[in-house]
Amino acid sequence: MEKLAAPRAKPRDEKFTERRAQLGEAALQTLAELGYARTSLREIAQNSEFSHGVLHYYFTDKVDLILCSVRQYKARCVIRYDAVTTTSTTFEQLLDGFVAALGQTVRDEAPMHRLWYDLRSQSLFEEAFRADVAAIEASLEKMIWRVLTRMSSLAGAPLRAPSNVAYAMFDGIFQQCLIKHLSGDRKAIAAMQSNARLLVSQLLGLPVSVERKRRA
């Protein structure tokens, strides 16, 4: 009987990277609750199952850990919106799915987004954050652009703004919603979704009344 080959052992660097990813994921909730200013590797260890020594072995400092965690979370966000984009077959379906995803992520994951905006603000003062923040921003801009270009194709209407401008507008209404939502405004999410629909209409040159008629 032919023997099965033994599984190939993973290189140390690969195992190290996987372990960093696991620890970064496990620490994400604590990071989101504490924020940048109140976070240290020791505080994270006290709020998780991992020792300070373990965290310090895999991460140089809290900046290293925060960047690892936020990169992973934002990568998942991008995949979520890409799924809506690829499965939608009509303009109306994509628009509805997009605004629903915007609302759900604020409703379910507000602390995570708060951590991202905290990190982005810190990049104005901490040079160590800037390259990673720029890379995350670029991935988010591309994600929004993929959604909009698909909407443009389905609606048969050209986009009327470049990707950086479109991203800045959606990021603005998203951050505004997050601030209001965290302050207890129960209408913040619905207002953001309405504003997102208005933005799409303006970016595609569709009268709001036409966009609403398409949804009816």
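The values are calculated or read from the model by the stated rules, or taken from the named source; none is laboratory data. Source: prediction; values computed, not measured. Neighbour counts are summed over all protein chains in view; Cβ atoms, including those assigned to glycine, are modelled from backbone coordinates with ideal geometry.
Would you please name the residue that is farthest from the chain's Cα centre (by Cα), looking only at residues in region 38-96 that are within 16 Å of Leu148 (Cβ to Cβ) and among the aromatic types (Phe, Trp, Tyr)?
Phe91
Return the residue satisfying two criteria in turn: it lies in region 36-70 and is surrounded by fewer than 16 Cβ atoms within 10 Å (Cβ to Cβ) and of a type in the set (Lys, Arg), and of such residues it is nearest to Leu140 (Cα to Cα).
Among them, the one singled out is Arg38.
With the condition kept exactly as written, say whether any residue in region 24-32 is within 17 Å of Leu115 (Cβ to Cβ) and loosely packed, with under 15 Cβ neighbours inside 10 Å.
Just the residues of region 24-32 that are within 17 Å of Leu115 (Cβ to Cβ), to begin with: 24-32.
Now restrict to residues that are loosely packed, with under 15 Cβ neighbours inside 10 Å: 25.
For region 24-32, residues within 17 Å of Leu115 (Cβ to Cβ) and loosely packed, with under 15 Cβ neighbours inside 10 Å: present.
Residues that are in contact (Cβ under 8 Å) with a residue 60 or more places away in the chain: which helices (runs of 4 or more DSSP H) entirely in region 10-60 hold 2 or more of them?
Details: elements: 12-34, 41-46, 52-58.
Per the criteria, 12-34.
Any residue that is within 20 Å of Phe98 (Cβ to Cβ), at pLDDT below 95, surrounded by fewer than 16 Cβ atoms within 10 Å (Cβ to Cβ) and among the hydroxyl-bearing types (Ser, Thr, Tyr) - is there at least one of those in region 136-143?
Taking every residue of region 136-143 in turn, at least one turns out to be within 20 Å of Phe98 (Cβ to Cβ), at pLDDT below 95, surrounded by fewer than 16 Cβ atoms within 10 Å (Cβ to Cβ) and among the hydroxyl-bearing types (Ser, Thr, Tyr).
Return yes when Ala32 is over 24 Å from Pro158 (Cα atoms), among the aliphatic types (A, V, I, L, M), modelled with pLDDT of 85 or more and in contact with a Lys or Arg (Cβ under 9 Å, 6 or more places away or on another chain) and no when it is not. Full working, then the answer.
Numbers: over 24 Å from Pro158 (Cα atoms): yes; among the aliphatic types (A, V, I, L, M): yes; modelled with pLDDT of 85 or more: no; in contact with a Lys or Arg (Cβ under 9 Å, 6 or more places away or on another chain): yes.
Spelling it out, it is not the case that Ala32 is over 24 Å from Pro158 (Cα atoms), among the aliphatic types (A, V, I, L, M), modelled with pLDDT of 85 or more and in contact with a Lys or Arg (Cβ under 9 Å, 6 or more places away or on another chain).
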